[in-house]
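The values are calculated or read from the model by the stated rules, or taken from the named source; none is laboratory data. These numbers were taken from a predicted model, which means no experiment stands behind them. Cβ atoms come from the backbone with ideal geometry, glycine included; neighbour counts cover every protein chain shown.
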Amino acid sequence: MLAQEVDGLVGYTVRCPTDLRPQEIAVFTPMLLSQAVFNQWHLEFFFDLRPLVREQSIWNMGITAFVCLVLCASSLVLSNDANVLVLHPVENMVHKINTIRDNPLIAVKMSEALYEVEEATKHKQRGSFKTQLQERLESWKLMRVFLGHGKKHELLETVVLERTIIKLGSLLALGFGEAGVKIVSANMQCLETAGVNAMIPGVKAQAIVGSARIRHFNVATEVLSGKVMKFVNQIAEIVHGIVNEFSGSVNKNKGDTFFVVWRASDLDDAQLTKLADMALFAFARILGAVHQSPLLATYRSHPGLQQRLGSHFRVDLGFGLHYGWVIEGAIGSEFKIDASYLSPNVNIAENIEHATKIYGVSFLASESIVKLCTENVAEMCRLVDCVIIKGSKAPLELFSMDLVASDLTVAEAKPKMQWGLRHKFRCRQQMERQKENKWNEAVHIADLFEESRDVARMRKRISTKFLQTFNMGYQNYSEGEWQVAKRFLEETSIMLKIDDGPSKALLSFMKTYNFEAPKGWHGVHDL
């Protein structure tokens with residue numbers, strides 16, 4: 001390109017291509033000319049490299065995008081391991097701890113849900129060829145481990161921690177029970193300190209309280225000695241299972257006594273009525289289950305128990321039921337606390353159970369319970385007396401649900417089976433479904449009384465004539481006509497072909513006054 005004209009040679013000039021960027025131009029100049037010739041004139045060749053630069057730019061952009069993609073994928077792969085092995089398990093643990101903090105009882109359901117997921121995963125993978133191949137490889141690896149040629153597969157530490165947290169929560173739920181939920185929850189929600197504060201104020205609540213006591217427990221303890229713990233646990237399995245099925249909870253076991261609670265604070269009138277029906281039916285079912293249990297029937301032939309208690313000995317329980325207010329809270333100190341219920345009504349329930357021995361029955365309920373029940377269930381309860389019980393300022397009417405447990409026969413023993421985790425899980429699921437089904441509006445507890453074969457057999461002797469005759473005797477007893485009452489009650493005492501405990505008890509009480517009502521008699525006396 002010539003910037004100036006050359007005389008006799010070039011009469012035109014060409015502008016130098018300065019509009020191109022340096023990287024878009026390739027310049028070639030002569031290298032073998034002398035400086036004088038070069039300065040006079042020479043040829044320079046300019047090549048336009050824009051197509052090549054454009055293509056290189058496109059490839060460079062592609063390389064850059066590929067490198068970014070590789071870096072992103074690598075970072076995702078690396079972070080995925082961190083998420084799967086560390087972050088997600090830690091977040092799950094924190095979520096579970098927060099959930100258990102709010103409601104410790106849910107830890108049991110968490111354990112079941114975790115087991116359900118594990119079983120579903122195993123079942124889903126069991127049918128595939130790939131899984132069968134993996135199982136064979138795993139069995140081969142296990143064989144190598146057994147022979148000492150490999151390492152045993154171990155769970156990740158995060159999985160172990162998560163399962164440990166769930167098990168600790170389950171132990172809290174089992175150890176404290178429903179009464180201790182608020183205590184545990186209140187302490188876990190207090191994040192300002194790591195200490196445990198047992199001095200939490202109690203909460204007043206309405207509840208149906210019941211007391212179930214094992215008869216002849218002192219003798220059984222002396223005779224069975226170390227095996228008495230197994231004996232109590234066999235009864236506890238029946239009591240706890242049936243009470244839980246009917247929405248109750250066993251608060252504590254005190255030797256021969258099971259203290260049972262049905263919390264009723266958050267229920268409306270219809271739900272409270274159904275809860276009262278369920279409490280009555282639960283105790284009736286427990287009595288029938290204890291007398292039909294083939295496991296407990298083996299104690300009838302125990303030589304030591306027969307010698308001390310006679311050949312007609314049976315494992316038996318007494319039940320007392322009452323409704324009223326209770327204080328729910330913790331009892332103890334920083335060394336040991338016990339979640340429990342305190343109230344005069346708790347003492348009344350225990351005293352009502354003690355009264356079952358006086359009246360010769362297995363089951364007594366106070367008027368506060370019977371008034372809550374539906375009409376059909378209340379008709380099954382017989383008014384046996386009106387007394388003043390220690391702990392109650394006002395007189396209480398006592399009602400007996402007449403259940404002749406001696407008419408039951410022992411059920412056939414089922415074949416023994418190993419109760420693994422799977423069986424316990426399925427059983428608990430079935431119990432939860434039955435428990436929830438009881439609250440269905442279409443389910444009436446009175447119908448369950450009629451459908452239950454156990455209750456029907458225990459009430460087979462109880463006829464309408466017997467109830468009418470006893471009611472006439474009790475009315476005369478209440479009104480002070482004890483001579484007339486004596487005639488009716490003597491008839492009912494032998495009408496069932498077995499001794500009727502309430503009739504005997506009223507006759508025994510009237511006999512202390514020579515069957516003459518004392519002055520100022522209003523149908524009430526101290527128990």
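Please go through segment 355-369 and give me each residue that is in contact (Cβ under 8 Å) with a residue 60 or more places away in the chain and touching a strand residue (DSSP E or B) at 6+ places or on another chain (Cβ under 8 Å), ordered by number.
Once the filter is applied, which keeps residues that are in contact (Cβ under 8 Å) with a residue 60 or more places away in the chain and touching a strand residue (DSSP E or B) at 6+ places or on another chain (Cβ under 8 Å), segment 355-369 yields Ala355, Tyr359, Val361, Ser362, Phe363, Ala365, Ile369.
What pairs can you find where one residue is in segment 476-492 and more than 17 Å from Leu383 (Cβ to Cβ) and aliphatic (A, V, I, L, M), the other is surrounded by fewer than 22 Cβ atoms within 10 Å (Cβ to Cβ) and modelled with pLDDT of 90 or more, and their Cβ atoms are less than 9 Å apart, with a gap of 6+ or different chains?
Filtered contacts from segment 476-492: Val484/Met472; Val484/Asn476.
Just to check your reading of the model, which residue among Val27, Val70 is more than 30 Å from Val160 (Cα to Cα), free of Cβ contacts under 8 Å to residues at least 24 places away in the same chain and part of a helix (DSSP H, G or I)?
Val70
Within the bounds of segment 515-525, is there any residue that is surrounded by 12 or more Cβ atoms within 10 Å (Cβ to Cβ), outside the structural domain of Gln271 (by TED's automatic domain parsing), touching a Lys or Arg at 6+ places or on another chain (Cβ under 7 Å) and in contact (Cβ under 8 Å) with a residue 24 or more places away in the chain?
Within segment 515-525, the first condition is being surrounded by 12 or more Cβ atoms within 10 Å (Cβ to Cβ), and the residues that meet it are 515, 517, 521, 523-525.
Next cut, outside the structural domain of Gln271 (by TED's automatic domain parsing) only: 515, 517, 521, 523-525.
The next check asks that each one be touching a Lys or Arg at 6+ places or on another chain (Cβ under 7 Å); those that pass are 515.
Going one step further and asking which of them are in contact (Cβ under 8 Å) with a residue 24 or more places away in the chain, we end up with 515.
Yes, the conditions are met somewhere in segment 515-525.
Please list, ordered by first then second residue, the pairs with beta carbon atoms under 7 Å, 6 or more apart or interchain, first in segment 42-53 and farther than 20 Å from Val6 by Cα, second small (Gly, Ala, Ser) and modelled with pLDDT of 85 or more.
Phe47/Ala26; Leu49/Ala26
So, in segment 419-468, exactly how many residues are of a type in the set (Gly, Ala, Ser) and either surrounded by 15 or more Cβ atoms within 10 Å (Cβ to Cβ) or not in a loop (DSSP other than H, G, I, E, B) (or both)?
Looking only at that region, the number is 3.
Considering each of Arg308, Arg285 in turn, give the residue that is surrounded by fewer than 18 Cβ atoms within 10 Å (Cβ to Cβ), touching a helix residue (DSSP H, G or I) at 6+ places or on another chain (Cβ under 6 Å) and in a helix (DSSP H, G or I). Give the steps one after another, and end with the answer.
Values: Arg285 fails: surrounded by fewer than 18 Cβ atoms within 10 Å (Cβ to Cβ).
Sole residue among the options that is surrounded by fewer than 18 Cβ atoms within 10 Å (Cβ to Cβ), touching a helix residue (DSSP H, G or I) at 6+ places or on another chain (Cβ under 6 Å) and in a helix (DSSP H, G or I): Arg308.
Could you check, for segment 380-399, whether at least one of its residues is modelled with pLDDT of 90 or more, part of a helix (DSSP H, G or I) and of a type outside the set (D, E, K, R)?
no
Pairs please, first residue from segment 193-208 and more than 22 Å from Gly324 (Cβ to Cβ), second anywhere and modelled with pLDDT of 75 or more and in a strand (DSSP E or B), Cβ atoms under 9 Å, 6+ apart in sequence or on different chains.
Val196/Ile337; Ala198/Ala330; Ala198/Ile331; Ala198/Gly332; Ala198/Ile337; Met199/Ala330; Ile200/Gly329; Ile200/Ala330
From Lys252, Lys274, which residue is among the basic types (Lys, Arg), under 28 Å from Glu367 (Cα atoms) and crowded, with 16+ Cβ neighbours inside 10 Å?
After applying the criteria, what remains is Lys274.
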